[in-house]
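Have a look at the structure below, then the notes.
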Ligand SMILES: C[S@@+](CC[C@H](N)C(=O)[O-])C[C@H]1O[C@@H](n2cnc3c(N)ncnc32)[C@H](O)[C@@H]1O
Ligand code: SF4
Ligand code: SF4
């Protein structure tokens, strides 16, 4: 996924917030439990925000370099894209 | 018990009625015993109780769930509880009107099954002329805002067409394909001699799937459910008894696994008599094989005990008569020889069609 791409969720993909603060990605036939940075990133996915902006926001919020956050998140977004969970 | 234990998934078997007669169906043989179905209101309470327990996904299946006239309100009720909703259907009743009402009601995912990629074979397996209707339903779902999985159960009668199933899915533009080797419960267990794939078919299937996964990487996800009697270790059935899944049968029995009703040595409890949460936490039927304390050897001291949870209780019961032993599908099980003989029992027997 290019840094300028604006990801959006595939059909049948839903973020779910539980009372205790945990966040899951609900997908056909399963649920992925997300760590805090992944959850923060996916909360910003709306089809209009480019990946770079999502990365920058997560980097600022978790106090890591944009490079570091970019690496982790690109890998996650790539994986989700390949499974059709992000477009 | 462990306080953290929380069910994630509820399988609502709304009815066992069905207009098809697949001989591979895992539904129970005594279908008529399930005709006293829960009411709409009772299903709503089940959904709410499940959501309160922490369940995140509701699957509507059966039988054929679209035969229930209250399917749409039940999907709406599940969505209103915050549940992810999944409809598991053979698609013959999924017309534009029903589909629109379901999607408007908050349906997230549809799984449609075909019996084979060719109409003649598919209709022969289904015991009805329905294959072309399913293709229409699949095309219809693809145009809607809902996720779609195509499912095909594989067995000796259609295993040689595995490549054609993948082509069929590709032609339609399916993104997610589930190729499920038949699991031997209910009618499928009764028909196991006719349905048992040959070792050749199983090996060929693995090669085809591996090649297709590589070729279709990024455009189609292929879920391949391994055959029951061919591996060295059993499947991690339900991810452990009473750990993540609850099934509720058409007449209200809460089960740790859809095939569990066949285990006559356990007393299952009904949501008409007892709250779902109490059944989940305390019912002897759920507690009996939960975790690892119940395990006999060789599971008890095995490194894999929290990977596969000793395999499947229903399979242990069907094959040995005792649900509390190591799944005979495991190569370490003292009963493993019976799996080999079942596997090799592949005469040309005709399957019997599912009927009430
Ligand atoms: C029992 S069916 C009920 C839903 C619907 N009537 C249908 O067949 O699609 C639920 C799902 O299990 C699959 N299935 C049925 N019998 C099976 C078996 N013995 N082993 C594995 N999957 C099976 C079906 O293809 C379907 O996807
Ligand atoms: S597997 Fe076949 S017979 Fe069984 S419920 Fe589904 S369509 Fe009906
Ligand atoms: S002995 Fe039990 S725990 Fe070990 S692999 Fe076999 S079934 Fe699994």
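The values are calculated or read from the model by the stated rules, or taken from the named source; none is laboratory data. Because the structure is a prediction, the values reported are computed rather than measured. Neighbour counts run over all protein chains shown; Cβ positions are idealised from the backbone, glycine included.
Here is how the numbers come out for the structure above:
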read-out	value
Tally, over the range B:254-269, of residues that are within 16 Å of ligand 1 (Cβ to nearest atom) and touching a helix residue (DSSP H, G or I) at 6+ places or on another chain (Cβ under 7 Å)	5
Hey, residue B:57 at pLDDT 95 or above and either within 27 Å of residue B:356 (Cα to Cα) or more than 14 Å from chain A (Cβ to nearest Cβ) (or both) or not	no
Any chance residue A:47 is surrounded by fewer than 13 Cβ atoms within 10 Å (Cβ to Cβ), within 14 Å of another protein chain (Cβ to nearest Cβ) and either in contact (Cβ under 8 Å) with a residue 60 or more places away in the chain or at positive phi (or both)	yes
Answer from B:38, B:47, B:98 - the residue that is in a helix (DSSP H, G or I), touching a strand residue (DSSP E or B) at 6+ places or on another chain (Cβ under 9 Å) and away from ligand 2 (no atom under 16 Å from the Cβ)	B:47
All helices (runs of 4 or more DSSP H) inside the range B:173-245 with 2 or more residues being under 20 Å from the mean Cα position of the chain (by Cα), under 19 Å from residue B:259 (Cα atoms) and within 16 Å of ligand 2 (Cβ to nearest atom)	B:186-190, B:192-195
Answer residue from the range B:100-118, given it is surrounded by fewer than 21 Cβ atoms within 10 Å (Cβ to Cβ) and more than 25 Å from residue B:181 (Cα to Cα) and is farthest from the other protein chains (Cβ to nearest Cβ) among those	B:101
Any hit, the range A:37-44, residues being over 10 Å from the mean Cα position of the chain (by Cα) and farther than 19 Å from residue B:59 by Cα	no
Residue check, residue B:105 in contact with a helix residue (DSSP H, G or I) (Cβ under 6 Å, 6 or more places away or on another chain), more than 30 Å from residue B:158 (Cα to Cα) and more than 12 Å from ligand 1 (Cβ to nearest atom)	yes
Close pairs from the range B:90-102: first over 8 Å from residue B:137 (Cα atoms), partner assigned to a loop (DSSP other than H, G, I, E, B), Cβ under 7 Å, at least 6 apart	B:90/B:20; B:90/B:64; B:99/B:144
One residue from B:141, B:165 being part of a helix (DSSP H, G or I) and either within 13 Å of chain A (Cβ to nearest Cβ) or under 17 Å from the mean Cα position of the chain (by Cα) (or both)	B:141
